[in-house]
Each structure stands twice: as C-alpha cells, then as structure tokens.
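Heads up, the thing below is written out as structure tokens.
The values are calculated or read from the model by the stated rules, or taken from the named source; none is laboratory data. If you're wondering where the values come from, they're calculated on a predicted model, not measured in any experiment. Positions of Cβ are backbone-derived with ideal geometry, glycine not excepted, and every protein chain shown enters the neighbour counts. Accessible surface is based on the protein model in full, side chains and every heavy atom, while ligands, DNA and RNA are left aside. Shrake-Rupley method; radii C 1.70, N 1.55, O 1.52, S 1.80 Å.
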Amino acid sequence: MQHRPYNFAPGPATMPESVLTQAARDMLDWNGCGMGVMEMSHRGKEFTSIIEKAERDLRDLLAVPAEFHILFMQGGGLGENAIVPMNLCGPLAGTAQAAEVQTDFVITGGWSQKSAKEARKYAQVNVAASNEGNQHRHLPDPATWQLSSQPRYVHICSNETVFGVEFPSLPDLKALGCDAPLVVDCSSHIASRPVEWDKVGVAFAGAQKNLGPAGVTLAFVRDDLLNQAMPICPSAFNYKNVANNQSMYNTPPTFGIYMAGLVFQWIKDQGGVAAMEQLAIAKSTRLYAAIDASSLYENKVDANCRSRMNVPFFLRGDDGLPLLDAEHPRNAAFLAGAKARGLLNLKGHKSAGGMRASIYNAMPLEGVDALVTYLHDFERTQP
Ligand SMILES: *Cc1c(COP(=O)(O)O)cnc(C)c1O
C-alpha cells in the first residue's frame, strides 16, 4: 500500500500525516533546544512560544473576537458538561445564589442527552426541544423550542457525532426572545466551518476529533460570563482562573497543545477554515449521494441537518430493513472487506448500530472516494 489506511474512527481520529511526521521529528529535540516538548517546563520560554502561537493561530483561523477567551483545558467534552453549569449557574454579581437556577437544553442526540443529564446535578434542566421521538433524525425547528422564561444558558450540541445531525447554522436566541447565552458543544465539527460568534456565549470542544490528540479541551468563553461560577466549582476548572492565568493556572496538557498547534498550522496551510468547509461539503456530498443512490445502504437523517463530519448509515437486510446489529453476517462481511482495503473503523456507535464514517478535516477526499468505490463493489457482491 502506498498510503496509510484511511481511518474513519469517530475520535480519537485520523490526523494529518504531515503533523505526525513533524511530531516524530521533534520528539527528542524541539527546535534545537535539546528537549522534547513533553520534557519542557510549561512556564519556560520554549513552551510559552508554542502555546502563544497555538492560541494566535486558532484565534485567527476561527476569527475569534477579542471578547472571547480561548482556554486550553482538560476534562474532555463530557468534563465540560459539568464545568459549564459550575461556571454559569452561580450567584450573579450583587445577588445571593438563587434557590433554583434554570438551564435549557435542546436534545438532538446522545451527546446533548448526556449534557442535560450531567447539568441536572447542578441546576434545573428544562428540555426545550428533543428529536428523541424520531430516533434523532431531524432538527427541532427553533421556532418550536419551549425555552424557559429566564434560563441561565441554553445548551445545544451543534454536531451530534453518533447520529449524524448537524445544525446548518446556529440558532439566534435573541430572535427567539431569549437573552441567555448559547452554549455550544462543537467537539466534532470545530474548524470545519466558521463560527457565528455573535450568537455564542460559550463554545467548547474536545480536540480529539478535528484538532489533535485526546487530552486537550478548547473552551471559548465570552468575557461577561466569567463572573458567575458556583462556589463549588474546582479552581482548576474555573473559567475565570484559567483565563486570568493564560491557561496556566495549573499544568496544561502541554504535548496535546503542541500537537493541536501543528494541526492549526496545517489548517492554515490548507487555506484555513473556508478550505476545510469546502472539503467537508465535497466529501459529505459524495458520500451521501452514494448512499442515497443505492438500494443496499440508507441514511434517514433529514437532508437539511445531515452532518458533514459523521455519516451514519445502515446496510439493509433481505427484508429491506436496516441491519442494526454489527454482528449480522452482512455487516460483518462489510467491515471485514473494508478493513482488507485499508478502510478502518466503520462500525457505528453501539447506541445507534450499523455503520458510521467519520470524515473529519484530516480525511482526504481520496479516502472518501475509496470508501464510495468500496460501497459500490460490496453492493455488487450481495444477492
Ligand atoms: C466526542 C464528543 C464528546 C466527548 O468528549 P470526551 O472528550 O470523551 O469527554 C462530547 N461531545 C461531542 C459532541 C463529542 O463528539
């Protein structure tokens, strides 16, 4: 094989090959300083230059406005599910802690479900809308959301990694008559399209889908939201502490930040987020078209909210019904044949069944073309 296998894993996920090569070159000696990045003090001038460049590049790539802090944290996407309420549900300036703080959640898949569950430990949770009733296949129209009268924040997951539902644009809470900040879990599509910052209060993302290795979590926090943490919020997870200390309140995930910085540079070299978006459109359009044109494969997510990053699909059984069970002989044969061609990790999430191709920024168009060819070839072998 002239190239590495194409890895369709949902996260941790495929990385740009040039980034891995660079990291291997730097492993023992970064930039002639005689130390690998893992061995450096996080407060030394070498690492300081690494994190400062990473932050500058990310701000540049995503056009992050000055009123947003970029925080390099740990704890992952699920950690943020607790960190967000602990930071946003405390007493507001000049008031005592309210007995019951209200938060609103829009459920569009497994990750928003998990977020709501975690937030219930810290605040009242109102589910303003949900697509559970139709197996997470549509996006509830914001006009129908039942927002509470004064929620502390409204949480959405802008790309649901498991069921493949993506908001084509962020909801405008102000237009819905709601003044609360929007909190966005954008873990699985960050840097695949521009961010509409005017609609956002807090955005967060684990790095391991589109930005680097697991272990770094990016949080983007608007300035005016730094002063309402709950007293129980651990100081290492307090946005204000992290912001006031340039993500150095405690030791940050230094190697992960370095790797993410290499990915930011790679995205810039590719033409920035606009180029990533064009590539994502090209890849996802080809893949959905192949699925829709076939009688063997199906994806039933509404066309207006199909994810460009995570494409779940099912093989149909002889009765025409989707085969959920990964152990079904047809599914097993599909996965084995894919692996033999160097197409890895196409098995769907256990809660959804079937298949899923995650086609993040680092997946080249050639990888999707190889998958589409395989879809055709496999279909021809089936009765
Ligand atoms: C992967 C993912 C998470 C979970 O992140 P962890 O780092 O495992 O905690 C959260 N939200 C979304 C949308 C994800 O895709």
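Relative contact order of the range 1-111: 7 percent, from C-alpha pairs under 8 Å at least 6 residues apart in sequence.
Taking label points 7 Å from Cα along the Cα-to-Cβ direction, ARG56 and GLU196 give a separation of 3.2 nm. Using C-alpha pairs under 8 Å with a sequence gap of at least 6, the mean separation divided by the residue count of the chain gives a relative contact order of 22 percent. Were the residues from LEU20 through LEU176 laid out at 0.36 nm apart, the gain over their Cα-Cα distance would be 51.7 nm.
Using R0 = 30 Å, the C-beta based FRET efficiency linking SER294 and VAL127 works out to 0.25.
With all protein chains kept in place, the per residue accessible area of the range 68-211 amounts to 36 square angstrom at a probe of 1.4 angstrom. Normalised per residue, the accessible area of the range 277-320 is 42 Å², obtained with a 1.4 Å probe and no contribution from ligands, DNA or RNA. The charge dipole of the chain, taken about the Cα centre with unit charges on the Cβ atoms of Lys, Arg (+1) and Asp, Glu (-1), comes to about 460 debye, rounded to the nearest 20. Using the Cα centre of the range 272-383 as origin and beta-carbon charges of +1 (Lys, Arg) and -1 (Asp, Glu), tell me which of SER294, ALA275, ALA352 is placed farthest towards the positive end of the dipole. Of SER294, ALA275, ALA352, it is ALA275.
With the charge dipole of the range 159-260 set up from +1 on Lys and Arg Cβ and -1 on Asp and Glu Cβ about the Cα centre, the Cα lying farthest toward the positive end among the listed residues MET259, ALA203, GLY177 is that of MET259. Considering only GluC sites (Glu not before Pro) in DSSP loops that have at most 16 other Cβ atoms within 10 Å, the longest stretch of the chain without any of them is 197-326. Separation of the range 250-280 and the range 27-80, taken as the distance between their Cα centroids, equals 11 angstrom.
The share of accessible area on the chain that comes from carbon and sulfur is 52 percent, using a 1.4 angstrom probe. Electrostatic bookkeeping for ALA290 treats Lys and Arg as +1 and Asp and Glu as -1; over the other residues with beta carbon under 12 Å from its beta carbon, the sum is -3.
Of the DSSP beta bridges with both residues in the chain, give the percent that are antiparallel, rounding to the nearest 5. Around 55 percent of the beta bridges assigned by DSSP in the chain are antiparallel ones. Take every pair of alpha-carbon atoms less than 8 Å apart whose residues are at least six positions apart; their mean separation over the length of the range 258-314 yields a relative contact order of 29 percent.
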